[in-house]
Amino acid sequence: MQINIYQDPMQKAYLFGTAVLYSEKPIPREDVPQHWSCYELRGTGAEPDRPYALVDMATEHFAGSILSPLPLKKESAQSKLVRGKLELTPEYVQMAEFCSEYQIPMPQTPIRHMLRPASSTESGLFYALPPERDEELGAIGHVRIDFGYRGQEFWHTWWPRGPEELNTPEFKDELAKVVNDLRLGVLKDLSSMRRYCWGRESGAITGGSCCQNYGFVLETDRYLYRLRCNPAEGDYQAYLGCFDKQAQKQEMGLTEKGRQALRGAADPAKPHSYSWCVIEHLNTPELRVDHELPLEEAVRLYTELDCGDKRLGVTKDDITSVDLVISKDGREWIPEDWQKEDSFAHDPVVAGAVSQIRQALEEQTQGQSFTMGGMS
């Protein structure tokens, strides 16, 4: 089994005097970040598990993998002796912690590693829904996928499920990136899907007609994707549902009572309630949500969190929500979404909260500036 270098802890080590990460498992070459180097350690016939040489690929006597922010051997060299040069520490760290310690820019996480297993309560959202439910969820459509007769092809069909105006060039561009990246992992072929689904303790969903189905969720800034996997021959193997989160928020009040509540949330003359929320490790099994916090406590918690993927948002009148600051893949920014939604655009409490958050971020980074909707 391979290691997920973006989520799984690896052993901190030193090789040729360079700080590196060591894994007893192989590292997928397509996961290696740009400007990083990946090698394998090879043992000998007498001691196959003891690292003897550093090679690009160990065709025999595999003794571990090395992930390094610097090259450790010349490309022309087939191998380099490591006996006496490799020092393994007792410390296991995630890549984000390693990068933070050595002040290395954290590589952007590939889309396929942003998938999280579905919970049991989400099962129904991975199957066909009534039109009114699709409208409520901001559905755009879904991609139907099968791997062909031998399980190694890739046939796909697009099925619209929402207003055509949601199927924008921006969405099409992101969808292409999502599918192409998933094709390096769970959607590579039928065998890869089986390994991906069966190798996890969570993600199984109810509702499959012929075999066990598995659900996974991927969320980006604007869109949400639900991938249903059916790792069996003779049927479509995957359905990737696509949803616009902005449209979903706009359609939350599906009943007239709900629409009145949304209009009320946008009325500055009415009293309102606010629940400040901090989320960390989004789209991972380590997901944690702290909600119903006072604003000052939420800002303090957010700024003190040592987490590469976190956000602070607010829910207004228990009906509409928006993110006010996002930290992800080494970047931190204040999105402009709150200024585009009627419920928040003219709200002095939310505007004041944004100013307070901005000030806290600037103090934390010793005066570095943050831009609305831009990257730090």
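The values are calculated or read from the model by the stated rules, or taken from the named source; none is laboratory data. None of these values were measured; they are calculated from a predicted model. For neighbour counting, all protein chains shown are included, and Cβ atoms are generated from backbone atoms with ideal geometry for every residue, glycine included.
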Could you check the stretch 98-136 and list, in sequence order, the residues that are farther than 19 Å from Cys242 by Cα and outside any helix (DSSP H, G or I)?
Tyr102, Gln103, Ile104, Pro105, Met106, Pro107, Gln108, Thr109
Can you find a residue in the stretch 350-358 that is under 16 Å from Asp221 (Cα atoms), among the basic types (Lys, Arg) and at pLDDT 85 or above?
no
Hey, Ile66 hits all of (1) out of contact with any Lys or Arg (no Cβ under 8 Å at 6 or more places or on another chain); (2) over 20 Å from Gly308 (Cα atoms); (3) in a loop (DSSP other than H, G, I, E, B) but one; which does it fall short on?
(3)
Out of the strands (runs of 3 or more DSSP E) lying entirely within the stretch 267-357, which hold 1 or more residues that are touching a residue at least 40 places away in the same chain (Cβ under 8 Å) and not basic (Lys, Arg)?
274-280, 310-316, 320-328, 331-333
Report yes if Ile140 is within 23 Å of Arg29 (Cα to Cα) and touching a residue at least 12 places away in the same chain (Cβ under 8 Å), otherwise no.
no
Pick from the stretch 76-98, criterion within 20 Å of Gly43 (Cα to Cα) and not aliphatic (A, V, I, L, M), ranking: nearest to the chain's Cα centre (by Cα):
Thr89
Go over the candidates Gly43, Gly84 one by one and state the one that is in contact with a strand residue (DSSP E or B) (Cβ under 6 Å, 6 or more places away or on another chain), outside the structural domain of Asp181 (by TED's automatic domain parsing) and either of a type in the set (Gly, Ala, Ser) or farther than 23 Å from Tyr14 by Cα (or both).
Gly43
Among the residues of the stretch 71-79, is any farther than 25 Å from Glu101 by Cα and in contact (Cβ under 8 Å) with a residue 12 or more places away in the chain?
yes
What are the pairs, 6+ residues apart or on separate chains, where a residue within the stretch 1-12 that is crowded, with 18+ Cβ neighbours inside 10 Å has its Cβ under 9 Å from a residue that is among the basic types (Lys, Arg)?
Ile3/Lys25
